[in-house]
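Novice: Before I ask anything, let me first share the structure, which is written out below as structure tokens.
The values are calculated or read from the model by the stated rules, or taken from the named source; none is laboratory data. Everything numeric here is computed off the predicted structure, so don't read it as measured data. Cβ: placed from backbone, ideal geometry, glycine included. Neighbour counts: every protein chain shown. Surface accessibility is based on the protein's heavy atoms, side chains included, excluding ligands, DNA and RNA. Shrake-Rupley method; radii C 1.70, N 1.55, O 1.52, S 1.80 Å.
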Amino acid sequence: MIEFILNNKLVRTDKPSGTILLDFIRENEKLYGTKIGCREGDCGACTVLVGKLLEGEIQYKSVVSCLTPLGNIAGKHVVTIEGINGDTLSPVQSAFIDENATQCGFCTPGFVVSLTGFSLSGKKSNADAIGSIAGNICRCTGYKSIERAVEIIVEKLKGQKSGDSLQWLIDNQFVPAYFKEIPRRLKMINPVKDHDDTHKIIGGGTDLYVQKPDETAETNLNFITTQNQQAKIVIQEEKCVIDAECTVTDLLQSEVLDYIIPNLEKYFKLVSSEQIRNMGTLAGNIVNASPIGDLSILFLAFYSELIIIDRTGNKKQIPLKEFYKGYKNIELADGEIVESVQFNIPAKGFKFNFEKVSKRTHLDIASVNTAIYLDVEKGVIKDIRITAGGVAPIPLLLVKTSGFLKGKKLNPENIKEVSGILYNEISPISDIRGSREYKKLLLKQLFYQHFITLFPEMFDVKKWL
């Protein structure tokens with residue numbers, strides 16, 4: 001039996017844990033404000049809020065309900081557009097009306113829910129507000145009226161005083177009064193039952209529900225996410241250790257990772273929309289074994305290791321570079337799961353960069369992506385690791401290219417010379433995201449871009465190329 005609170009109602013259901021939340025909301029609960037759009041997490045029309053109880057307070061995140069299984073919202077608070085409605089329009093709803101930010105109205109519930117989630121987040125900048133709706137598509141308005149509505153919402157939130165922010169939001173009708181009682185009510189919900197060893201284990205489900213929606217929705221599943229426990233990112237014995245269930249948002253907001261990896265936000269903002277970042281897990285991205293998995297490419301450059309645990313509690317450690325044996329073929333036996341990901345904390349002064357090209361700059365799957373880790377001492381490359389996605393059957397560590405540069409002087413001549421080795425080390429195929437020739441040329445350009453970005457004074461693109 002799965003228990004959760006849907007708006008202001010306690011729900012108990014014996015539906016399979018893999019049941020898609022969007023279908024449950026519409027078919028079982030007859031709440032039709034949450035719309036069926038792309039069913040792939042791209043349009044945001046089905047956006048809902050999911051609140052998780054952490055240290056006595058609810059932390060709300062926007063998610064796309066078309067990719068969310070019931071098992072991942074057990075013990076949590078789910079808010080649809082109906083759960084936001086009060087006796088009068090909320091400030092978010094009023095702003096959309098005042099600025100004519102809706103036409104056909106199909107996408108509007110998703111926008112309103114996402115911006116209500118922004119209101120609950122404690123953030124107050126216009127950039128953060130726009131970021132919260134980056135995963136919501138509107139085909140009518142041209143977005144300018146929506147942007148004006150966002151400005152009104154942000155301006156109203158500036159009046160929020162420090163202290164009891166939720167009470168302020170209730171008093172100002174951003175959310176209904178029942179939100180105040182949700183923490184107490186969630187404490188009374190039965191915890192999620194223990195894993196059944198016969199069930200498939202999934203993370204956020206953001207790819208599985210695109211590839212196999214019907215098959216997955218009809219099954220019972222196990223989940224690596226926990227009901228009311230915060231995933232951790234910590235430093236232990238000179239290593240950064242990341243829990244497998246950490247979402248991309250957890251990584252993006254981590255003070256530990258932000259301290260270790262420069263420009264962290266810049267890189268992770270290239271990984272999908274906010275709704276998907278709130279759902280997709282680190283372990284899910286790695287175990288998915290996509291040749292263009294953004295997180296796989298990034299953490300491969302840090303020589304990361306996987307801690308794997310089996311059903312009996314036995315653990316083993318395997319380098320990420322040895323985890324991929326072939327296309328969608330990984331070093332993970334039946335009954336084993338990734339428990340955590342870890343890497344050695346780099347020495348001070350190291351350089352890192354991540355590049356990605358897709359048909360859209362944001363919210364898209366990469367045609368080619370690549371990361372570089374560099375340790376340069378007195379003009380000599382002491383250590384270098386280059387990774388690339390979209391150019392081989394697996395997330396690829398460019399061993400030969402990196403090996404050629406290690407120990408050499410960092411200068412344009414050596415970087416140009418190694419491009420021939422890079423060309424011979426990759427084996428892309430032509431597909432929907434580009435031809436073989438295009439991908440080879442693209443990786444070469446992105447390889448150069450690493451050095452242009454990290455050492456602009458040495459690699460002036462106008463003079464160098």
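Novice: Just how far, in whole angstrom, is segment 380-452 from segment 79-100 if you go by their alpha carbon centroids?
Specialist: Segment 79-100 and segment 380-452 have Cα centres spaced 50 Å from each other.
Novice: Something else: Output the pairs from K15/K200; K408/K444; K400/K462 with a Cα-Cα distance over 22 Å in this structure; if there are none, say none. The partial results should precede the final answer.
Specialist: On the way: K15/K200 16 Å; K408/K444 19 Å; K400/K462 28 Å.
Among K15/K200; K408/K444; K400/K462, the Cα-Cα distance tops 22 Å for K400/K462.
Novice: Based on the Cα coordinates of segment 213-357, what is the per residue volume of their convex hull in Å³? If you can, show how the numbers build up before the last one.
Specialist: Values: hull volume 20.8 nm³, N = 145.
For segment 213-357, the hull spanned by Cα atoms encloses 143 Å³ per residue.
Novice: Something else about it: Please report Rg over Rh for segment 286-439, where both radii come from the alpha carbon positions and Rh follows the Kirkwood definition.
Specialist: Here the Rg-to-Rh quotient is 1.00.
Novice: Plugging the Kirkwood radius over Cα pairs into Stokes-Einstein for segment 35-109, at a temperature of 4 °C and a viscosity of 1.567 mPa s, what D comes out in µm²/s?
Specialist: So the translational diffusion coefficient is about 93 µm²/s.
Novice: Carbon and sulfur together cover what percent of the accessible area of the chain at a 1.4 Å probe radius? Walk me through the numbers on the way to the answer.
Specialist: Working: 10440 of 21380 Å².
On the chain, the fraction of accessible area on carbon and sulfur atoms equals 49 percent.
Novice: Work out the length of the dipole vector of segment 72-167 about its Cα centre, built from +1 on the beta-carbon of each Lys and Arg and -1 on the beta-carbon of each Asp and Glu, and round it to the nearest 20 debye. If you can, show how the numbers build up before the last one.
Specialist: Details: 9 positive and 9 negative charges, 47 e Å.
Dipole about the Cα centre, nearest 20: 220 debye.
Novice: What shape does segment 294-350 have by the C-alpha gyration tensor, where a ≥ b ≥ c are the square roots of the eigenvalues, rounded means a/c under 1.5, and otherwise prolate means a/b greater than b/c and oblate the rest?
Specialist: Since a/c reaches 1.5 but b/c is at least a/b, the shape of segment 294-350 is classed as oblate.
Novice: Taking θ = phi - 60°, what integer Hz values does the Karplus form 6.51 cos²θ - 1.76 cosθ + 1.60 yield along segment 385-399, in sequence order, with x for Gly and Pro?
Specialist: 9, 10, 10, 8, x, x, 10, 7, x, 9, x, 10, 8, 7, 5
Novice: Mind checking the per residue accessible area of the chain for me, 1.4 Å probe, whole number of Å²?
Specialist: Per residue, the chain has 46 Å² of solvent-accessible surface.
Novice: May I ask you to list the aspartates and glutamates whose Cα is less than 20 Å away from that of K439, ignoring any residue fewer than eight positions away on the same chain?
Specialist: Cross-link targets: D294, E355, D364, E417, E425, D431.
Novice: For segment 326-401, state what percent of all Cα-Cα pairs lands in each successive 5 Å bin, counting from 0 Å until the bin that includes the largest distance.
Specialist: Going from the shortest bin to the longest, the percentages are 3, 11, 16, 18, 19, 17, 11, 4, 1, 0.
Novice: In terms of solvent-accessible area of protein heavy atoms at a 1.4 angstrom probe, what is the ranking of H362, H77, highest value first?
Specialist: Heavy-atom accessible area, descending, gives H362, H77.
Novice: Something else now. Over segment 274-392, what is the relative contact order in whole percent, taking alpha-carbon pairs under 8 Å and six or more residues apart?
Specialist: On the way: 198 pairs, mean separation 31.2, N = 119.
With pairs under 8 Å counted, the relative contact order is 26 percent.
Novice: Could you list the square roots of 5 times each eigenvalue of the Cα gyration tensor of the chain, that is, the equivalent ellipsoid semi-axes, sorted largest first and rounded to whole Å?
Specialist: 40, 26, 21
Novice: Okay, next question. Among L49, H362, N100, flag the residue with its Cα farthest along the positive direction of the charge dipole of the chain, charges on Cβ as +1 for Lys/Arg and -1 for Asp/Glu.
Specialist: Sorting the options by dipole projection puts first H362.
Novice: To continue, here is another question. With charges only on Cβ, +1 for K and R and -1 for D and E, what is the dipole size of segment 218-356 about its Cα centre, in debye, rounded to 20?
Specialist: 360
Novice: Also, quick follow-up: Going toward the positive end of the dipole of segment 263-394, with +1 on Lys and Arg Cβ and -1 on Asp and Glu Cβ, which of I309, L282, I386 do you reach last?
Specialist: Value: I386.
Novice: Given bins 5 angstrom wide, list per bin the percent of all Cα-Cα distances in segment 120-170, short to long.
Specialist: Bin by bin from 0 Å, the calculated values are 4, 18, 29, 20, 15, 9, 4, 1.
Novice: Take the Cα gyration tensor of segment 366-465, multiply each eigenvalue by 5, square-root it, and list the three semi-axes largest first, rounded to whole angstrom.
Specialist: With the √(5λ) rule applied to segment 366-465, the semi-axes are 24, 15, 11 Å.
Novice: Restricting to bridges with both residues inside the chain, how much of the DSSP beta-bridge set is antiparallel, in percent to the nearest 5? If you can, show how the numbers build up before the last one.
Specialist: Working: 59 of 64 bridges.
Antiparallel bridges: around 90 percent, rounded to the nearest 5.
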